[in-house]
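Here's the structure, in structure tokens; my notes come after.
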Amino acid sequence: MLIQSTLIALSATLAAAVKPLTVKNQFFVDPNDNIFQIVGVAYQPGGSAGYNAALGKDPLSDGDICRRDAAILQILGVNTIRVYNLNPDVNHDECASIFNAAGIYMILDVNSPQVAGSLQNYNPWESYYDTYVNRTFAVVEAFKNYDNTLAFFSGNEVINDASSAGQVPPYMRAVTRDIKNYVAKHCDRKIPVGYSAADVRDVLFDSFEYFTCAEDGKSDDPSRADIFALNSYSWCGDSDMQKSGYVDLVEGFSNTSVPVFYSEYGCNEVKPRMFTEVGAIYGKDFSEVFSGGIVYEYTEEENSYGLVSVNTKDQSVTLLKDFYTLKDQFAKLDWKKIQGVKSAKDGSGPKPPKCDSKLIQSKDFDGNFTLPAMPPNVPKILANGVSPKPSGKLIEVTNFKSKYTVKNADGSVISDLAVKPLSNDESNSPGTNDAKIQSSDSVTSSSDNSTTSGSSSEATSDAKNTSGAAGSAVAMTVPAMAMGAFAIFAGLAL
């Protein structure tokens, strides 16, 4: 009994592995004052089918699936997941606690594919009303108490061309303002809120200037984004900083006053993917401006960006070639050095520019900083909190072993797969979970993502077109799963 009690107590302690990050100057900072680089993966198992409000289903609602995937992501070396579509009425305690114990943070989109679940990128005033804003507040309520909640995205790619740039900006900044005000009034800590942009160079830097400037130059402006991210697919195959346009991104964001990072990356025009951009993203020049990035995406869907394939009949998982390639690229880097950079004195970073229409270069971009007032009824919700109020808390996790079978690319089963609980203040890094998997050298081209349709998820692709990010802004096909801004409205209104 004593041994069992001790083990349970140890598990309970280890379940609180990560501690909240803070924003200091233009970077995320861990409790030890080290600059934190995001090593992330977009996590939306099943694509659009992974969210079903009627069934109480979303990507963080099933503890057994989260246990399986947290162990796999731990092996990969991930310290952050991005989750797009969440149901605030579902309990997420077990999944959040499992990922927390694994040393993995969560960046969460507040939008959904539901009616009244997102801000439209056309006539945005039609979708900016109390039911929608209440829904964004409810997501904050549901996740605010988890230490590994890293940030909220108030929008994703709502601005993606000249037309949307001419309508959306004031409304998107207003949504950010509303969520930040809710966090300030109802959360025990300051959880960053920001925007995930399409890497469309015609509107990208105007979006950045518009969302990160400060009214009257005050950094505590509640409508100013705390973070800015971009979905970029300009590095394809064995590219470089110049050909990919990455050098322009470093230059364009060099004076940022908030953390900037990739909310999606991983072009698949060259298959299998090579992920040679990893070395650049975490290299010295890049990491002096950027805070890492999130690879798109965890599960294989019809758009062929997956790292793993899920058999929806028995929930078994097969690792794909891209998984091994990405793992190898991560393994080349000195993570103790990358994650061990001490932050500078608070206040020593770049200051936010004062909001002014002169910041905006495109004549098509709405540079009006007079924001719409909160919709009717929203001030009352903001004052009193959402009702009924979702709640979440980290719980004790005593079982970390995967219930489901996980296979290597050659079909062999990975034995005794389990999450390795980490110590307090410790986030996951490559090599933390050293479960034995197939050597990447033995993964053949037959394990390529394009050949896995038989065991992949049954969900349909959420692919769409947007403009690419190479220097000339050549159009590319990218996935941008985000069902926030471009949600296909389906289901019942909340």
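Can you check what the net charge comes to around V193, using other residues whose Cβ is under 12 Å from the Cβ of V193 (Lys, Arg +1; Asp, Glu -1)? Spell out each step's value before the answer.
Details: positive: K144, R173, R177, K180, K190, R224; negative: D109, D178, D226.
Charge balance in the 12 Å sphere: +3.
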Need the list of aspartates and glutamates near K243 for cross-linking: C-alpha distance under 14 angstrom, and skip anything on the same chain fewer than eight residues off. E277
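Multiply the residue separation of S254 and K358 by 0.36 nm, subtract the distance between their alpha-carbon atoms, and state the gained length in nm to one decimal. All intermediate terms of the calculation are to be shown ahead of the outcome.
On the way: separation 104, 0.36 × 104 = 37.44 nm, distance 1.88 nm.
Stretched fully, the S254-K358 segment lengthens by 35.6 nm.
For region 398-446, what is the accessible area per residue in Å² when the probe is 1.4 Å?
56 Å²
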To the nearest Å², the heavy-atom accessible area per residue of region 138-232 with 1.4 Å probe amounts to 24 Å²
Quote the accessible area belonging to V200 in square angstrom, nearest 10, computed with a 1.4 Å probe and with ligands, DNA and RNA left uncounted. 10 Å²
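Calculate, for region 242-336, the solvent-accessible area per residue in square angstrom, rolling a 1.4 angstrom probe over the heavy atoms of the protein chains. Don't jump to the answer; show the numbers that get you there.
Details: 3210 Å² over 95 residues.
That works out to 34 Å² for each residue.
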The chain: Cys lacking any partner C-beta under 4.7 angstrom: C187
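Among the listed pairs K19/K190; K180/K218; K284/K321; K271/K313, which have their C-alpha atoms separated by more than 18 angstrom in this model? Intermediate values should be presented prior to the final figure.
Working: K19/K190 13 Å; K180/K218 15 Å; K284/K321 28 Å; K271/K313 27 Å.
Over 18 Å Cα-Cα: K284/K321; K271/K313.
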On the accessible surface of the chain, probed at 1.4 Å with all protein chains in place, carbon and sulfur together account for a percent value of 50 percent
Considering all projection directions equally, how large on average is the shadow of the alpha-carbon convex hull of the chain, in square nanometres? 21.8 nm²
Measure of exposure for V397: accessible area at 1.4 Å probe, Å² rounded to 10, is 10 Å²
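Please report the orientation-averaged projected area of region 99-258, defined via the convex hull of its C-alpha atoms, in nm².
Numbers: hull surface 44.0 nm².
Averaged projected area of region 99-258's Cα convex hull equals 11.0 nm².
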Structure-based [θ]222 nm, the chain - -39500 (n - 2.57) summed over DSSP H runs of at least 4, per residue, nearest 500: -7000 deg cm²/dmol
Order by accessible surface, 1.4 Å probe, largest leading, for residues M274, M172 comes to M274, M172
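Going from most exposed to least, what order do I437, I75 have by accessible area with a 1.4 Å probe? Could you put the intermediate results ahead of the total?
Values: I437 40, I75 5 Å².
Ranked from most to least accessible, the order is I437, I75.
By DSSP, what percent of the beta bridges with both residues in region 21-122 are antiparallel, rounded to the nearest 5?
Working: 6 of 13 bridges.
Here the share of antiparallel DSSP bridges comes out near 45 percent.
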Please figure out what share of the DSSP beta bridges in region 225-372 is antiparallel and state it in percent, rounded to the nearest 5. 30 percent
Rounded to the nearest 5, what is the percent of antiparallel bridges among the DSSP beta bridges in the chain? 30 percent
Please give the direction-averaged projected area of the C-alpha convex hull for region 41-100, in square nanometres with one decimal. 3.8 nm²
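The values are calculated or read from the model by the stated rules, or taken from the named source; none is laboratory data. Because the structure is predicted, anything quoted here is derived from the model rather than measured. Don't worry about glycine lacking a Cβ; one is built from the backbone with ideal geometry, like all the others, and counts go over all protein chains shown. For accessibility, only protein heavy atoms count, side chains too; no ligands or nucleic acids. Shrake-Rupley method; radii C 1.70, N 1.55, O 1.52, S 1.80 Å.
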